[in-house]
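Inspection log for the structure reproduced underneath, given as structure tokens.
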Amino acid sequence: MNDLYNEYVKRLQKIADINYSSAVLQWDQEVYMPVNGAGYRAQQLATLAGISHELSTEKELGELLEKLHDSKSLGIKETANVLESLRVYRQNKKYSTDFVIELNKTVSESFVAWQEAKAKNDYAIFKPKLQKLIELKRKECELLGFEEHPYDAMLNLYEPGLKTSFLTQLFADVREKLVPYVKSILSKPQPENGFLFTHYDKDKQWHFGIELLKQMNYDFKSGRQDISTHPFTTNFSSTDVRVTTRISETDLFEMIGSCVHEGGHALYEQGLPSNEYGLPSGEYLSLSIHESQSRLWENMVGRSLAYWKCNYPSLQEIFPEQLKVVSVEQFYKAINTVKQSLIRTNADELTYHFHVMIRFEIERDILIGKLNAGDLPGVWNAKYKEYLGIDVPSDSKGVLQDVHWSHGSFGYFPTYSLGSFYASQFFHFAGREIPELQHQIKEGNLMPLLLWLREKIHHHGRTVLSDELCKNITGEILNFNYFFNYAKAKYDKLYE
Ligand code: CO
């Protein structure tokens, strides 16, 4: 039996080698590649994707997995690995080569059309391509199969086990509790935050960001930071996990926020067991759990008063002209300003979820055939008026703002909100189990929190479902009240 399992490990690691090699090429494309490299780079990535798909759907792999599945001699972790690999194998087998080729081609065309449509503020350029993509995605739902709702099939690509009915209930909570709460905050005077938007030297910001990562215990021997247009984290193993950031000289918190956010993603990847390379037990659980790690660090730690009591003096020292007269309490208020805004990625940690709720409702209705590409600008603008109270001035700043739909990534957005909600539930229990936590954060001692996350989350890889992981840590599945209570405790004080 050991021989069969070793054969399985060898096959999975070979697939991982191919996938991580293409991740290196993608990282390079975003960070260093010269413009003229684009043509053959696309071909190189397509070749690797083809090889990876072949290896992942080989008949021999399927037979091996079935054999291992039938044998009763594996340990708990090995059994979990085989089960998960079998699930992924069966899922991959549902796609015909023709369908994959057509989908890839449509995605490429949609992405190009979206870029042009957004630049020219002309939705009509994107509409026909998006409609074609929507029809393929509806077909994909049928192909993958679902029990309750076609959208479940899309959600499960990012969050295995997640159901539309669960999200419908969750966003009903957001609508009934968070929407009126934000309204009550917005009727109060806003903090002064103009000092965040004066001038901050790029190099000085960069060095400050590196110090923040070091303080989080991000391991620079197993990673590095670079600059890119859109900040991201990528990894080629758990001992090579890279982050990028973006620096604006007229918006100080953009770099800080993205640095701590991506740092949180990276700590998760660096904490996965490196001897489980290529196996489910060595990989992240789901996008929601990934995002729970970035948001826990960004919001619960990086936007807390304790954190800035520790780090504000050095920030003031680096930028004396801009911050000399600003107190740490004023700084803390400024970085937590709640404001209704047009663009999801600039939203504060409360109104952010209204942006996600809008996308969730639209995606769900698209996949049951209730909405088509032509309906989207109107529906989008109506929902922004209803939930955020704002008029959308143009499609570029409205329905065309995000790249996700042009990539065919339906079902991705909800994982952002789930991530925040998981983060507050986990952080609640971290605080309970580490009584000195707030004091440690104030001292810049972030290791106890990291070790807690390692033990509770990182070390498990993808051997359980999110529901199970959450139950193991907190005694119940995801519960919106943790987020709502966290928000109320924090913002009642900030806006008192
Ligand atoms: Co993230």
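Candidates are the residues of segment 311-349 that are among the acidic types (Asp, Glu) and without any contact (Cβ under 8 Å) to a residue 60 or more places away in the chain; the one that is least open to solvent (accessible area, probe 1.4 Å) is Asp348. For segment 168-185, the criterion of being crowded, with 17+ Cβ neighbours inside 10 Å and part of a loop (DSSP other than H, G, I, E, B) is met by no residue. Of all the listed residues (Asn485, Asn381, Asn481), the sole one being within 25 Å of Leu133 (Cα to Cα) and open to solvent by 20 Å² or more (accessible area, probe 1.4 Å) is Asn381.
Within segment 245-268, being within 12 Å of the ligand (Cβ to nearest atom), open to solvent by 10 Å² or more (accessible area, probe 1.4 Å) and either in contact with a strand residue (DSSP E or B) (Cβ under 6 Å, 6 or more places away or on another chain) or among the hydroxyl-bearing types (Ser, Thr, Tyr) (or both) holds for Ser258, Glu262, His265. Segment 284-347 holds helices (runs of 4 or more DSSP H) entirely within its bounds, and those carrying 1 or more residues that are within 14 Å of the ligand (Cβ to nearest atom) map to 287-295. Can you confirm whether segment 271-279 contains a residue that is open to solvent by 20 Å² or more (accessible area, probe 1.4 Å), closer than 18 Å to Ile457 by Cα and in contact with a strand residue (DSSP E or B) (Cβ under 9 Å, 6 or more places away or on another chain)? Yes, segment 271-279 contains at least one residue that is open to solvent by 20 Å² or more (accessible area, probe 1.4 Å), closer than 18 Å to Ile457 by Cα and in contact with a strand residue (DSSP E or B) (Cβ under 9 Å, 6 or more places away or on another chain).
Taking residues in segment 291-303 that are basic (Lys, Arg), and partners anywhere that are part of a helix (DSSP H, G or I) and more than 9 Å from the ligand (Cβ to nearest atom), the pairs with Cβ atoms closer than 7 Å and at least 6 places apart or on different chains are Arg295/Ser420; Arg295/Ala423. Among the residues of segment 54-71, is there at least one that is among the aliphatic types (A, V, I, L, M) and under 26 Å from the mean Cα position of the chain (by Cα)? No, the conditions are met nowhere in segment 54-71.
Just for segment 218-229: of the residues that are touching a residue at least 40 places away in the same chain (Cβ under 8 Å) and out of contact with any Leu (no Cβ under 8 Å at 6 or more places or on another chain), which one is nearest to the ligand (Cβ to nearest atom)?
Selected residue: Ser228.
Across segment 384-406, the qualifying residues are those that are away from the ligand (no atom under 16 Å from the Cβ) and assigned to a helix (DSSP H, G or I), and the one among them that is surrounded by the most Cβ atoms within 10 Å (Cβ to Cβ) is Trp405.
Does any residue in segment 233-258 that is within 15 Å of His290 (Cα to Cα) come within less than 6 Å, Cβ to Cβ, of a residue that is within 13 Å of the ligand (Cβ to nearest atom) and among the acidic types (Asp, Glu) six or more places away or on a different chain, and which pairs are these? What qualifies is Thr233/Glu262; Asn235/Glu269; Ser238/Glu269; Val241/Glu269; Val243/Glu262.
Would you mention how many residues in segment 230-244 are open to solvent by 30 Å² or more (accessible area, probe 1.4 Å) and more than 12 Å from the ligand (Cβ to nearest atom)? Counting residues in segment 230-244 that are open to solvent by 30 Å² or more (accessible area, probe 1.4 Å) and more than 12 Å from the ligand (Cβ to nearest atom) gives 3.
Got at least one residue in segment 31-50 being modelled with pLDDT under 95, part of a helix (DSSP H, G or I), of a type in the set (Phe, Trp, Tyr) and closer than 30 Å to Val241 by Cβ? Yes: one or more hits.
The values are calculated or read from the model by the stated rules, or taken from the named source; none is laboratory data. Keep in mind the model is a prediction, meaning the values are calculated, not measured. Methodologically, a virtual Cβ is constructed for each residue, glycine included, from the backbone with ideal geometry; neighbour enumeration extends over all protein chains shown. Ligands, DNA and RNA are excluded from the accessible area calculation, which covers all protein heavy atoms including side chains. Shrake-Rupley method; radii C 1.70, N 1.55, O 1.52, S 1.80 Å.
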